[in-house]
Amino acid sequence: MLEDYYIDKILEIGEKKGFEVDIFISRSENLNCELDGDSLDSFQEDRSFGIGVRVLKEGKVGFAYSTEEEVDIIYRAMENLVPDKYTSIPEPKKDVPNPKGVFHREVLNIDEEDLLEDLNTMKGILQEGGITVTGGSVERSYLYNRIVNSKGLDVEEEFTYYSASISGIKDGETAYDYLSRTYRFNVEELGRYVRDILSLPKGVKVPYEGRILLTPRVLNSLLAYTLLPSFSAENVQRNRSILKGKIGEKVMGECITIVDDGTLDGGLYSSKVDGEGVPRRRTVLVEDGILKGYLYDIKRANREGRESTGHGVRDYNTLPTISPSNVVISPVDKLDNYNEYLQINGLIGCHTSNPITGDFSVEIFNSYIVKDDERVPVKKGMLSGNIFEILKSAMPMDDVSQRGRLISPSLMIEGRIIVS
């Protein structure tokens, strides 16, 4: 292969110059179908290729990237050296996980007609409910990554993704849903969710205090901005994590167990290795409320004399940074045991949360009070709190689903909604 020729030449040049070399190659293909309102906007097909090269020598690191197959990239990397005594490249390992269900060849055969069929399916469900469609999309994606280094590591991986979204409006109320999987799924559930939300009676504007159910739809965004940054060893080392120095301490309620697992079959963020070539693993972060560990890439692990946990994530045009894989919260109680609570299905403003303290103040929408199987919609209101305080008494339910990185049930918490 032509690619192998360039890899061999880059490694050869690096070796002659006395450098260790790390090469990251990425290829992607995307086919997308979008609605503009309820009309077909466009089909768009994108293909991309990129190669990133790092060189290491005598406590210095250089980096360069290109969107073309070329040998000169290593010379640019060698010209961009900066001091970095903690970065290193890994030796190849024998025990590398091989999660199933991350690549589905049939996804590659999905064509424009298939995408349009799914888009029209969601659109039709909304229109049958008297709902005006405001947008939607369906996309199939393919990703190929290869990591090669001068220590003999050479790992190739393929991934597929299928994503869909739909949004609508009725009587001034809006609703939206989005889902991504590694395979083609039935998009009807997205259309039905938006239709059902917008078919409820007009919302009431009342303050609320009591049990609140945070569904996986909202937890994915809320925890990404409030909780997950605190597990990053980089944030810990830079004094940007409230969890610093608390290994072995009780930091959450005993019902909370959180695991990061990049080896799960079918996980959206599962893989053989991370972006540095370190094998993925299962990392316990919190067990029965006790803090057990942090997430490390190679650089941050070397600073503490530890092993990387396999969380160095990168693209061809970036250096590795720490990021979670699949974050799993264990279920505990049954939702059927509760007959009255406020169910929150949408949040606005999660990005304004404080990633160090865990404080947040967000607006709720698409929410309703559940009481004896009846649903009473509520107007928008504000939910404020601190995620670490909330997790001291939160109860995980049994309705587990994957939304983004999060594989979690809903959390039942105590709180209040303020309306203006």
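Amide H contacts under 5 Å for THR132: ILE169, restricted to partners 5 or more places along the chain or on a different chain, H placed in the peptide plane at 1.01 Å from N.
Going by a ≥ b ≥ c, the root eigenvalues of the Cα gyration tensor, does segment 309-352 fall in the rounded group (a/c under 1.5), the prolate group (a/b larger than b/c) or the oblate group? Oblate, since a/c reaches 1.5 and b/c is not below a/b. Probing with 1.4 Å while keeping every protein chain in the model, the per residue accessible area of segment 337-420 equals 45 Å². Charge tally around GLY124: other residues with Cβ under 12 Å, Lys/Arg +1 each, Asp/Glu -1 each, net -2.
In this structure the amide hydrogen of VAL102, modeled in the peptide plane, comes within under 5 Å of the amide hydrogens of GLY266, none closer than 5 places in sequence on its chain.
Assuming a ≥ b ≥ c are the square roots of the Cα gyration tensor eigenvalues, decide whether the chain counts as rounded (a/c under 1.5), prolate (otherwise, with a/b larger than b/c) or oblate. Because a/c hits 1.5 or more and a/b fails to exceed b/c, the chain counts as oblate. Taking every alpha-carbon pair under 8 Å whose residues sit at least 6 apart, segment 281-420 reaches a relative contact order of 19 percent. To the nearest Å, what is the center-to-center distance of segment 1-71 and segment 72-133, using C-alpha atoms only? Answer, in whole Å: 14. For segment 20-77, the Kirkwood estimate of the hydrodynamic radius, built from every pair of different alpha carbons, is 13.9 Å. Under 1.5 on a/c is rounded, so check that first for segment 46-101, then, if it is not, pick prolate when a/b is larger than b/c and oblate when it is not; a ≥ b ≥ c are the square roots of the alpha carbon gyration tensor eigenvalues. Oblate shape, in that a/c is at least 1.5 and b/c is the bigger or equal ratio.
Over all other residues within a Cβ to Cβ distance under 12 Å of GLU389, the charged ones net out to -1, with Lys and Arg as +1 and Asp and Glu as -1. Estimated from helical segments only, the mean residue ellipticity of the chain at 222 nm is -5000 deg cm²/dmol, where each DSSP H run of four or more residues counts as -39500 (n - 2.57).
Hey, quick one: spin label on VAL71, modelled 7 Å out along Cα-Cβ, who in segment 5-39 has an amide N within reach, i.e. under 19 Å? 5-24, by backbone N distance to the label point.
Length available on full extension from GLU307 to ASN339: 0.36 nm per residue minus the Cα-Cα distance, which gives 6.8 nm. Spin-label model, GLU128/ASN354: points 7 Å from Cα along the beta carbon direction are separated by 4.9 nm. Shown for segment 79-184: the carbon plus sulfur share of the solvent-accessible area, taken with all protein chains present and a 1.4 angstrom probe, equals 45%. Paramagnetic label reach from GLU374 (point 7 Å along Cα→Cβ; backbone nitrogen cut-off under 16 Å): within segment 188-205, residues 200-205. For a straight C-alpha distance cut-off of 26 angstrom, the lysines reachable from LYS170 (same-chain residues fewer than eight places away being disregarded) are LYS123, LYS202, LYS205, LYS371, LYS379, LYS380. The residues of segment 252-302 have, on average, 31 Å² of accessible surface per residue, using a 1.4 Å probe with all protein chains present. Each part gets one Cα centre, and for segment 267-313 versus segment 356-396 those centres are 30 Å apart. Per residue, segment 126-189 exposes 40 Å² of solvent-accessible protein surface, assessed with a 1.4 angstrom probe and all protein chains in place.
Close amide H partners of VAL204, meaning residues 5 or more places away or on another chain with modelled amide H under 5 Å apart, are VAL378, LYS379. In this calculation the C-beta distance from LYS16 to MET382 is compared with R0 = 56 Å, giving a FRET efficiency of 0.35. Full extension of the chain segment joining GLU414 with ASN80 gains 115.0 nm, where the gain is 0.36 nm per residue of separation less the Cα-Cα distance. Extending 7 Å from the Cα toward the beta-carbon at both VAL284 and GLU156 defines two label points whose distance is 3.8 nm.
Applying the criteria of a DSSP loop state and at most 16 other Cβ atoms within 10 Å to the chymotrypsin sites (Phe, Trp or Tyr not before Pro) of segment 162-261 yields TYR183, PHE185. A probe of 1.4 angstrom, applied to the heavy atoms of all protein chains, finds MET382 with accessible area near 70 square angstrom. Of the accessible area of segment 281-384, computed with a 1.4 Å probe over protein heavy atoms only, carbon and sulfur atoms account for 44 percent. Taking all Cα pairs closer than 8 Å and separated by 6 or more residues, the relative contact order of segment 9-70 comes to 30 percent.
The values are calculated or read from the model by the stated rules, or taken from the named source; none is laboratory data. The structure presented is a predicted model; accordingly, all values stated were derived computationally and were not measured. Don't worry about glycine lacking a Cβ; one is built from the backbone with ideal geometry, like all the others, and counts go over all protein chains shown. Surface accessibility is based on the protein's heavy atoms, side chains included, excluding ligands, DNA and RNA. Shrake-Rupley method; radii C 1.70, N 1.55, O 1.52, S 1.80 Å.
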